[in-house]
Amino acid sequence: MLENNSLKRDGFSSKLGILATTAGSAIGLGNIWKFPYITGTYGGSAFIIVYLLCILLIGLPIMLSEFILGRSSQKNCVGAFKKLAPKTPWFMGGWLSILTTFIIAGFYGIIAGWSLNYIFFSLVGKLNVSKTVDFESVFSQFISNPWQPVLAQIIIMALAGFILISGIKNGIEKYSRILMPLLLIIIILIVIRSLTLDGAEKGLDFLLKPDFSKLNLAAIISALGHAFFSLSLGMGVIMTYGSYIGKENNLMKTTLQVTITDTLIALLAGLAIFPAVFAFNIEPTSGPGLVFITLPNVFSNMPLGNIFEILFFILLTIAALTSLISVLEVIVSFLHEELKWSRKKSTLITIISTTTFGAILSQGNGVLSNFNIPFIVEGKSVNMNIFDWFITLSDQLLPLGGLIVAVFIGWILKDKVTKNECSSNGLYKTPYYSVFKFLIKYITPLLIIFIFLSNIFGLFK
Ligand code: PHE
């Protein structure tokens, strides 16, 4: 019976599909609005070196561990722990993933909606009246409106639901295989435009020139935290996708491919954004401000800017949509397999509940903006609206989820199982297996504890 079930389980149909889908999750808002900016402020290529080290010491081992958990169990994030460590409390690690993905799906859907709405704004020329538009107030009026962002969110969530309902092969994989190459083409077009502007070199300097004096402890902590977020780690996404990967695929190689693709796209995003920003002497900002305020300003100054603006927001929407699908799939697969609901019912309930939650969070930018809740950040209590509060909470939950995975693979799961997964039952050589095992047992968990404590208590400053 069990055998029968696992035979019928949906899964990826090709290597390219695995890469497109997993990279689709990893490549998201983090690559486009966060990585380029933190790289620029923390010393350009000097920071990139630290980031690559974090990827090597934390990103790769955790991603591989999540793939191992998923593929060896062939289950959703809760079922995986139940199957691999029956009658122990480890399954609560899976519950933590459900909580984290629920929160992320809530706010990510809203931000994906902003992006979708900005395609519309660019199409109708709302951002295009050169120099007379106050881009900051367009953005703040838009996000504080009780309905408009929610309407856009509902459209993007419905789109995600439509893709999810068709399952893995005919849903997530099929659309990722179309959307990810499109994303690559668009980003390359924008990079070419940006690099050929007069004065583009200043942006290149900002992004790439090594400045080791800016590499302080805050830079290292940022790099560690970003490695987590950018690779979609610590929330069961990679575990869930891992459970759809066939036994004949080389997990170590897939991990490397996804990580390299994610990092390259982040670098391309930097090459698309900063040369253009600096060519027009505009001060770069961080976070949403960079893409929703600074960039529209840049595009309004650029010849053919409107076309590139539309392309840019299509790019951002695709990146957000494929990431959104991956967090939602964690919940859908859990409901489908653990509660035995049909895929359709699981998808509908997931979409409705996370959309409602996100719509409430969105009010934190508007009608509920005066309702503040304290959060401990770096040892200080900071008041935040509900939108920012839940984003900050999810930032703290990711390393916790990652720590559980690292300890489980490093100390609990039988070495034979881990090794068999890495070699696909002896099909592939695993020259780096002992390095991986050493990292995941000692180095990765210690580094995660370090980020976690420094984020909350502001230690080691
Ligand atoms: N990796 C995505 C990014 O870089 C973020 C993400 C987080 C995606 C959680 C899915 C789940 O934007």
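The values are calculated or read from the model by the stated rules, or taken from the named source; none is laboratory data. Values in this document were obtained by computation on a predicted structure and should not be read as measured data. Virtual Cβ from ideal backbone geometry, glycine too; neighbours counted across all protein chains shown. With ligands, DNA and RNA removed, areas are computed over all heavy atoms of the protein, side chains included. Shrake-Rupley method; radii C 1.70, N 1.55, O 1.52, S 1.80 Å.
A few points about this structure:
- Test: residue in segment 341-358 that is closer than 30 Å to Phe438 by Cα, surrounded by 18 or more Cβ atoms within 10 Å (Cβ to Cβ) and among the aromatic types (Phe, Trp, Tyr): no
- Any chance Pro61 is of a type outside the set (A, V, I, L, M, F, W, C), within 19 Å of Leu397 (Cα to Cα) and at pLDDT 95 or above: yes
- Selection status of Ile165, surrounded by 19 or more Cβ atoms within 10 Å (Cβ to Cβ) and either under 19 Å from Leu295 (Cα atoms) or at pLDDT 95 or above (or both): no
- Taking segment 180-289 and the helices (runs of 4 or more DSSP H) fully enclosed by it, the elements with 1 or more residues that are within 16 Å of the ligand (Cβ to nearest atom), under 21 Å from the mean Cα position of the chain (by Cα) and among the hydrophobic types (A, V, I, L, M, F, W, C) are at 217-230, 237-242, 251-279.
Okay, residues lined up against (1) over 30 Å from Arg9 (Cβ atoms); (2) touching a helix residue (DSSP H, G or I) at 6+ places or on another chain (Cβ under 9 Å); (3) in contact (Cβ under 8 Å) with a residue 12 or more places away in the chain; (4) open to solvent by less than 10 Å² (accessible area, probe 1.4 Å):
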residue	(1), (2), (3), (4)
Ile188	yes, yes, yes, no
Val191	yes, yes, yes, no
Glu201	yes, yes, yes, no
Asp211	yes, yes, yes, no
Leu217	yes, yes, yes, no
Leu231	no, yes, yes, yes
Thr240	no, yes, yes, yes
Met252	no, yes, yes, no
Thr255	no, yes, yes, yes
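- Subset of segment 74-88 (residues that are more than 20 Å from Thr21 (Cα to Cα) and touching a residue at least 60 places away in the same chain (Cβ under 8 Å)): Val78, Gly79, Ala80, Phe81, Leu84, Ala85
- Verdict on Ser369 being outside any helix (DSSP H, G or I) and either surrounded by 14 or more Cβ atoms within 10 Å (Cβ to Cβ) or touching a Ser or Thr at 6+ places or on another chain (Cβ under 8 Å) (or both): yes
- When we screen Glu337, Glu329 for residues that are in a helix (DSSP H, G or I) and within 14 Å of the ligand (Cβ to nearest atom), the only hit is Glu329.
- Residue check for Val435: outside any helix (DSSP H, G or I), open to solvent by 40 Å² or more (accessible area, probe 1.4 Å) and among the β-branched types (Val, Ile, Thr): no
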